[in-house]
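The values are calculated or read from the model by the stated rules, or taken from the named source; none is laboratory data. Bear in mind that the values here come from a model prediction, so they are computed numbers and not experimental data. With ideal geometry, Cβ positions are generated from the backbone for all residues, glycine too; neighbour counts draw on all protein chains shown. With ligands, DNA and RNA removed, areas are computed over all heavy atoms of the protein, side chains included. Shrake-Rupley method; radii C 1.70, N 1.55, O 1.52, S 1.80 Å.
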Amino acid sequence: MSLPTTASWLHRDARTGLEVAFFREHDGGWRISGATTAVEDGESWFVEYAITVDAAWRTRSAEISGRSASGARRTVLESVGDGRWRVDGVADPRLDGCFDVDLESSSMTNTLPVHRLGLAAGAAAEAPAVYVRAGDLAVERLEQRYERVCDHDFAYAAPVFDFSCVLRYDRYLLVRDYPGLAVRLS
């Protein structure tokens with residue numbers, strides 16, 4: 001599936017800000033680079049990212065840097081594609097079984113599991129992800145679930161946050177509307 005060269009989202013409701021992402025074919029997969037900046041609960045932050053996915057949409061690497069009132073941070077995530085991860089060069093078994101990266105700061109990263117899973121209408125799947133916090137780039141495991149409810153709509157749930165919604169996607173399967181968080185601008 002092709003992707004546009006760029007996309008952008010306006011953060012709203014939970015935070016105020018903007019995200020811009022750029023897509024480029026890379027070794028049969030994609031290289032996605034972008035930045036997001038916001039004010040959330042009175043705190044300002046920005047996050048830059050470069051994520052590489054293989055032809056099956058499994059995340060292979062993510063380089064993330066950011067800044068908040070607590071200072072500048074950087075982290076590098078690496079996977080060999082089998083669901084095992086290294087965080088800043090150190091194996092992290094808490095993340096075993098994850099194939100996607102989900103950045104707290106990003107709406108774009110909800111695109112990754114949707115492409116990878118290739119769910120038919122009515123089908124659902126668990127999609128645990130390597131979750132990276134916006135303010136301090138802390139890395140943890142996030143249990144989540146996607147169910148394709150129709151062509152471009154997916155029911156999404158993240159039980160640890162007691163959160164669920166229907167994510168609406170466009171024809172490229174990029175998030176168009178993330179209720180309470182962001183809406184697609186371009």
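A count restricted to segment 9-57 and to residues that are part of a strand (DSSP E or B) and over 25 Å from Ala69 (Cα atoms) stands at 11. Taking each residue of segment 158-173 that is at pLDDT 95 or above and looking for partners that are of a type in the set (D, E, K, R) and open to solvent by less than 20 Å² (accessible area, probe 1.4 Å) with beta-carbon atoms closer than 9 Å, six or more apart or interchain, yields Ala158/Asp102. Filtering segment 160-186 to residues that are touching a His at 6+ places or on another chain (Cβ under 8 Å), farther than 19 Å from Val149 by Cα and of a type in the set (Ser, Thr, Tyr) leaves nothing. Taken over segment 1-45, residues that are in contact (Cβ under 8 Å) with a residue 24 or more places away in the chain and surrounded by 16 or more Cβ atoms within 10 Å (Cβ to Cβ) amount to 16.
Check every one of the strands (runs of 3 or more DSSP E) wholly within segment 89-186 and list those with 3 or more residues that are open to solvent by 60 Å² or more (accessible area, probe 1.4 Å). Quick ask: steps written out before the conclusion?
Values: elements: 100-103, 124-126, 129-132, 139-142, 145-150, 153-158, 163-169, 175-178, 182-184.
In segment 89-186, 145-150, 163-169 are the strands (runs of 3 or more DSSP E) which contain 3 or more residues that are open to solvent by 60 Å² or more (accessible area, probe 1.4 Å).
Quick one: which of Ser79, Ser164, Ser68 is touching a helix residue (DSSP H, G or I) at 6+ places or on another chain (Cβ under 9 Å) and among the small types (Gly, Ala, Ser)? Residue meeting the stated conditions: Ser79.
Select from segment 59-88 the residues that are at positive phi and more than 17 Å from the chain's Cα centre (by Cα) and write down the one among them that is least open to solvent (accessible area, probe 1.4 Å).
As a first pass, look at segment 59-88 and keep what is at positive phi: 71, 81, 83, 88.
Adding the requirement that they be more than 17 Å from the chain's Cα centre (by Cα) leaves 71, 88.
Values: Gly71: 17, Asp88: 88 Å².
Checked segment 59-88; the qualifying residue least open to solvent (accessible area, probe 1.4 Å) is Gly71.
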